[in-house]
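The values are calculated or read from the model by the stated rules, or taken from the named source; none is laboratory data. Because the structure is a prediction, the values reported are computed rather than measured. Neighbour counts run over all protein chains shown; Cβ positions are idealised from the backbone, glycine included. Quick note on the areas: whole protein, heavy atoms, side chains included, nothing else; ligands and nucleic acids left out. Shrake-Rupley method; radii C 1.70, N 1.55, O 1.52, S 1.80 Å.
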Amino acid sequence: MIEAFTRDLVLTNDQLNKVSSLLLHEFNCGLSKETHNEASVKMYPTFVQNVPSGLEQGRFLALDLGGTNFRVLLINLEGDKFHMDNVIYPIPQKIMLGSGNQLFDHIADCLANFMEKEAMKGETLPLGFTFSFPCKQEGLTKARLVTWTKGFRCAGVEGEDVVKLLREAVLRKKINIDVVAVVNDTTGTLMSCAHKNRECRVGVIVGTGTNACYMEKIENVETWEEDQNGSKQVIINTEWGAFGDNGCLDFLCTRYDREVDKASLNTGKQIDGKHTYGNARRVLAEMNIFNATTDDLENVKLVCSRVSTRAAFLVSAAISCILNRMKRPHTTVGVDGSVYRYHPYFHDLMERKISELTAPDYKFDLMLSEDGSGRGAALVAAVAVQTSQ
């Protein structure tokens, strides 16, 4: 019975190839000046044009906001070597649903607390800010929030420059910082992995939400209006979490997808443990079901397996779209996010399916971003400082 109910969750390679083809069309719409405004997948240039060279030096601060926790980091770079201290601060739900001033005052309070712990009073360091929500980047230090996701609804932030809001909050708290870059968590992931592996040109997040960035040729980015430093490339923040918002993925949507979407905070947007009896029992216990039979446990395992496998295959189809577009002989894909990090089979499922969907000439490997997007933000700051000298 459950097998029949969940059969719609099983995706064929033909369906996944169609997903890749549709995503490529959406990429081109987002990159085109003519269709960008109406495009669902926005393909925002990040103004980050180089990966780390391995020669970066100095001390840098980073702020990492992407979910219900917020990190402050102090990073010492010495070429390929680095030392990192960081503190994680929670963001209460009342702040997630409050005003923009409350949110950025909370961030500034966390930063002040961290700087006091690190005995940094009177010291001004370059800071990279990871802000992991859909933003239209207008410069390396200017990004306007397009829409909140991940359960945030802070008033007065959408349409505003988040760096400006951060700087204003920092002034209110009388802290000395120098914001030199604002980046998305995907860019942070790419930069963090590229610091260790020079072939990394794609960054992917698979967690509370999903998104990706990749290094694109400037000649393909019609929305690019500036010549920053003569570089012929720029990292593109795809914002592929909005893929399907225009209805192009309706052929894949099941009644379960529609029920989840209807109950979400942002209806119509971003639609997109080991399978043992012990874990299955824990799942049912959270639903106050304690007398499960062996058949019940098998059913829970099947549902979990099909949901997670479908998720892995959809992300794989999207990554293969990027690899086939880039046409590089070998590309390292940096990946972060709780689903990829903690699901016991997600990596293997992705590796196998990407291989099936990507042209054989374009080799790849998946690399876990062990240090998270915060270190990537500091590396963007370091590259920016190095480039300006």
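Quick notes
- ARG310 accessible area, 1.4 Å probe, all protein chains in place, Å² to nearest 10: 40
- Solvent accessible area, Å² - TYR362, 1.4 Å probe, full protein context: 50
- Within the same chain, aspartates and glutamates fewer than 8 places from LYS117 are excluded, and of the rest, those with a Cα less than 14 Å from its Cα are ASP85, ASP109.
- Taking all protein chains as they are arranged and a probe of 1.4 Å, the heavy atoms of ARG258 leave approximately 140 Å² accessible to solvent.
- Fraction of accessible area attributable to carbon and sulfur, the chain (%, probe 1.4 Å): 50
- Exposure rank, largest accessible area first [GLU34, GLU168; 1.4 Å]: GLU34, GLU168
- Fraction of beta bridges assigned by DSSP in the chain that are antiparallel (%, nearest 5): 60
- Cα gyration tensor category, rounded, prolate or oblate, for the stretch 42-148 with a/c compared to 1.5: oblate
- Accessible area in the full protein assembly, largest first, 1.4 Å probe, for PHE251, PHE104: PHE251, PHE104
- Environment charge of PHE82, counting only residues whose C-beta is closer than 13 Å and scoring Lys/Arg +1, Asp/Glu -1: -2
- Histogram of C-alpha separations across the stretch 105-187, 5 Å bin width, %: 3, 14, 24, 25, 18, 11, 5, 0
- Amide N of the stretch 98-112 lying under 20 Å from the label point, which is placed 7 angstrom from the Cα of ALA155 along Cα→Cβ: 98-107
- Computed E for LYS217/THR124 - FRET, C-beta separation, R0 35 angstrom, nearest 0.05: 0.45
- Taken over the chain, the convex hull of the Cα atoms encloses 146 Å³ per residue.
- 5 Å-binned pair-distance histogram of the stretch 89-243 (Cα, whole percent): 2, 8, 15, 19, 20, 16, 11, 6, 2, 0
- Disulfide-incompatible cysteines by the Cβ rule (no partner under 4.7 Å) in the chain: CYS29, CYS110, CYS135, CYS154, CYS213, CYS248, CYS253, CYS304, CYS321
- Helices in the chain, meaning DSSP H runs of at least 4 residues, each add -39500 (n - 2.57). Divided by all residues, the mean residue ellipticity at 222 nm is -12500 deg cm²/dmol.
- Per-residue accessible area (protein heavy atoms, 1.4 Å probe) orders SER320, SER40 as SER40, SER320, starting from the largest.
- Taking 16 Å as the cut-off, the amide N atoms of the stretch 124-158 that come nearer than this to a point 7 Å along the Cα-to-beta-carbon line of GLN93 belong to 150-154.
- Distance between modelled label sites at GLU370 and GLU356, nm, 7 Å Cα→Cβ extension: 3.1
- The ASP296 and ASN86 beta-carbon pair, evaluated with R₀ = 41 Å, returns a calculated FRET efficiency of approximately 0.45.
- Å² of accessible area per residue within the chain, as computed with a 1.4 Å probe and no ligands counted: 46
- Entries in LYS136/LYS262; LYS174/LYS196; LYS94/LYS164 that, when Cα-Cα distance is taken, lie over 29 Å: LYS174/LYS196
- Per-residue Karplus couplings for the stretch 373-385, computed as 6.51 cos²θ - 1.76 cosθ + 1.60 with θ equal to phi - 60°, are listed in order as 6, x, 5, x, 5, 5, 5, 4, 4, 5, 5, 5, 5 Hz, Gly and Pro entered as x.
- DSSP beta bridge pairing in the stretch 105-229, given as percent antiparallel to the nearest 5: 65
- If you take all other residues with their beta carbon under 14 Å from the beta carbon of LEU323, and give Lys and Arg +1 and Asp and Glu -1, the sum is 0.
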